[in-house]
Amino acid sequence: MSDKDDFVPALGRKSLTWAYDLAIALMTREATWRRGLVAAIAPQPEDTILDVGCGTGSLAIMLKRRCPQARVIGLDPDPDVLRLARRKAQEAGLAIELVEADGQRIADTLHKGDPNKVVSSLVFHHLSLAKKRATLGAMLDVLRSGGRLYIADYGLQRTWLMRVLFRMVQNLDGFETTQPNADGVLPGLIAEAGFEGVAETSVVSTPTGSISLYQAHRPQLGATEQTVATAPMTAR
Ligand SMILES: C[S@@+](CC[C@H](N)C(=O)[O-])C[C@H]1O[C@@H](n2cnc3c(N)ncnc32)[C@H](O)[C@@H]1O
């Protein structure tokens, strides 16, 4: 893998990306957890929502459909999956901004304080522990003061059955990135990054393990700090 390709593709192997949407629909009870996630995010006309690891754009499209006035930005390091996302958004007639970048380098692409909501689905089980930490740090950094974080991903696998079913995902995506999720590290890492009010708001059992929805928010900064935090870092 070159540095540029240093990411786990949507279905674990580049050759399978074309089948991603079908696999997720069949294997994750997608409608249930995505609907729950969109309801929690509750997009509003004044929102700027950043979807980190947007993949084929399914979540970004649902958010934009729910609230066409909201600004929705999808970010992913994989140009192949972004091509699929672009095509889906065009076919749906939705103006979604798509950016090729990884979740650790959000600040290279977006101004600090642009998004008031940062969201992510099924991405953290693709990231090494170091990248989970760096991505959460980058998410916190780019969010407005008081802005909200919403994550859906395979989380703590609480029962023998869920742990066995999750093996299917682990065999595709690798154990190094997936096992910490199964061991329940995400809430602790979210808090460690500096988010407050970390909560696991629901757990959905699926044929490939349980998917958890998490929420948290960036602490409200004082007026002086906020002026600094929302100043653009670089002209983009
Ligand atoms: C399983 S897919 C999830 C896609 C989409 N969020 C969804 O809900 O269907 C994981 C995505 O994470 C992306 N990804 C992998 N490493 C990443 C990183 N370091 N930063 C951001 N996204 C990453 C992959 O390219 C892939 O599109």
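Nothing in this text is a laboratory measurement; each read-out follows from the coordinates by a stated rule. Note that the structure is a prediction, hence the values are computed from the model and not measured. A quick note on method: Cβ atoms are made from the backbone with ideal geometry, for glycine too, and the neighbour counts reach across all protein chains shown.
If you go through region 83-102 and pick out every residue that is over 19 Å from ASP6 (Cα atoms), in a loop (DSSP other than H, G, I, E, B) and under 16 Å from the mean Cα position of the chain (by Cα), you end up with 1.
Checking each residue in region 67-82 for being of a type in the set (Val, Ile, Thr) and either touching a Phe, Trp or Tyr at 6+ places or on another chain (Cβ under 6 Å) or part of a helix (DSSP H, G or I) (or both) picks out only VAL81.
Scanning region 17-40 for residues that are within 22 Å of LEU136 (Cβ to Cβ), touching a residue at least 40 places away in the same chain (Cβ under 8 Å), touching a Pro at 6+ places or on another chain (Cβ under 8 Å) and within 13 Å of the ligand (Cβ to nearest atom) turns up nothing.
Of all the residues in region 56-81, those that are touching a residue at least 24 places away in the same chain (Cβ under 8 Å) and in contact with an Asp or Glu (Cβ under 6 Å, 6 or more places away or on another chain) number 7.
From the list THR208, THR159, pick out the single residue that is β-branched (Val, Ile, Thr), surrounded by fewer than 19 Cβ atoms within 10 Å (Cβ to Cβ), over 16 Å from the mean Cα position of the chain (by Cα) and farther than 29 Å from GLU46 by Cβ.
Details: THR208 fails: surrounded by fewer than 19 Cβ atoms within 10 Å (Cβ to Cβ).
Exactly one of THR208, THR159 is β-branched (Val, Ile, Thr), surrounded by fewer than 19 Cβ atoms within 10 Å (Cβ to Cβ), over 16 Å from the mean Cα position of the chain (by Cα) and farther than 29 Å from GLU46 by Cβ, namely THR159.
Which of the residues that make up region 126-172 are closer than 14 Å to ASN116 by Cα and assigned to a strand (DSSP E or B)? Show your work before the answer.
Taking region 126-172 first, the residues closer than 14 Å to ASN116 by Cα are 138-150.
ARG148, LEU149, TYR150, listed by residue number.
Condition first: more than 21 Å from ARG34 (Cβ to Cβ) and away from the ligand (no atom under 13 Å from the Cβ). Now tell me which residues in region 117-141 satisfy that.
Filtering region 117-141 for residues more than 21 Å from ARG34 (Cβ to Cβ) gives 128-134, 136-138, 140-141.
Within region 117-141, LEU140, ASP141 qualify.
Taken over region 187-202, the residue count meeting the criterion of being of a type in the set (A, V, I, L, M), surrounded by 15 or more Cβ atoms within 10 Å (Cβ to Cβ) and either touching a His at 6+ places or on another chain (Cβ under 9 Å) or not in a helix (DSSP H, G or I) (or both) is 1. Take the conditions (1) out of contact with any strand residue (DSSP E or B) (no Cβ under 9 Å at 6 or more places or on another chain); (2) among the charged types (D, E, K, R); (3) within 8 Å of the ligand (Cβ to nearest atom); ASP51 misses just one of them, which is (1). All but one of (1) touching a residue at least 24 places away in the same chain (Cβ under 8 Å); (2) in contact with a helix residue (DSSP H, G or I) (Cβ under 8 Å, 6 or more places away or on another chain) hold for GLN170; state the number of the condition that does not hold. Single failed check for GLN170: (1).
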